[in-house]
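Step one of this worksheet: look at the structure below.
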Amino acid sequence: MPTVGDLAAVSLAVEPYDGTTAAALAVTGPDGAVTLPPVASGDGGRTWTGTVTYGAAGVWRLAWTVSGTGARAKHELVSVAPLPGVTETGRTYATTTELATYLGEAPALDAARLLLRASQLLDSDFLIPAVYDVDDETGMPTDPVVLAGFRDAVCAQVEFWGEVGEETDISGPLQGAQIGSVNLQFGAGDNRTGPDYYAPKLIRALSTIPVDKIRFLALGYC
């Protein structure tokens, strides 16, 4: 899969072909803009090649049009990945350095994205009913013990995704977890298999935060 900024050689094989065969390429970017990169054949019209510059992440369409002998049209979709980030925009409770220390090994190349996703999961699925001191500007915990608990929780979730795959996070919102004396129950419906896409060590990390530093309200959502 190409990444933003890549220059990729593209080609089309034509059969049958002869001296009347000609080909053109139209490239449509994710924003709908169309470019017509030059293409050429070095073997009498059998193979046509060109170069495409992928300037943005998203889905691109390559549309070949052949005229003369072998006339036809061919369309191809190409998915382009964004540049991997060393950091991500948004509140994250751990850095990639802290994740590496937690794991005791080099983190995955997409560790920054995973830490952001794990932090968002922690915010939405666990911390809505939580009361603790925060910085008014950043929303980050001001108590280092609470921050350390959140750090370990998101690192545990990333470690868990590394074992079972991030795609396990498809079952819906939290449907049951015990943290201290509080039983959190956010889900509803027939899918009551429990929080099987949360890292067990995430729950334990939150449970280790002293009760005088964080309080979980007994809230429920339908």
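The values are calculated or read from the model by the stated rules, or taken from the named source; none is laboratory data. Note that the structure is a prediction, hence the values are computed from the model and not measured. With ideal geometry, Cβ positions are generated from the backbone for all residues, glycine too; neighbour counts draw on all protein chains shown. Accessible surface is based on the protein model in full, side chains and every heavy atom, while ligands, DNA and RNA are left aside. Shrake-Rupley method; radii C 1.70, N 1.55, O 1.52, S 1.80 Å.
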Report task. Grab the Cα-Cα distance for His75 and Ser124, subtract it from 0.36 nm times how many residues apart they are, and report the gain in nm with one decimal. Result -> 13.5 nm
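By how many nm would the segment from Val86 to Thr53 grow when fully extended, if each residue of separation counts as 0.36 nm and the alpha-carbon distance is taken off? Present the calculation step by step, with values, prior to reporting the outcome.
Details: separation 33, 0.36 × 33 = 11.88 nm, distance 2.33 nm.
Using 0.36 nm per residue and subtracting the Cα-Cα distance, I get 9.5 nm.
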Query raised in the report: Using mean Cβ contacts within 10 Å as the protection proxy, how do 128-138, 199-209 order, highest first?
Result: 199-209, 128-138
Query raised in the report: How much FRET efficiency would the formula 1/(1 + (r/R0)^6) give for Thr97 and Val4, where r is the Cβ-Cβ distance and R0 is 35 Å, rounded to 0.05?
Result: 0.85
Report summary line: Beyond 19 Å, the calculated P(r) of the range 7-147 holds a percent of Cα-Cα pairs equal to 66 percent
Query raised in the report: Which distance in Å, rounded to a whole number, links the C-alpha centroids of the range 45-78 and the range 80-145?
Result: 41 Å
Query raised in the report: How large, in percent, is the carbon and sulfur part of the accessible surface of the range 1-102 at a probe radius of 1.4 Å?
Result: 58 percent
Report summary line: Rounded to one decimal in nm, the spacing of the 7 Å Cα→Cβ label points at Ala24 and Val145 is 7.2 nm
Report task. With a cut-off of 16 Å, note down the residues of the range 41-72 whose backbone N falls inside the zone around a label point 7 Å from the Cα of Asp31 toward its beta carbon. Result -> 53-61
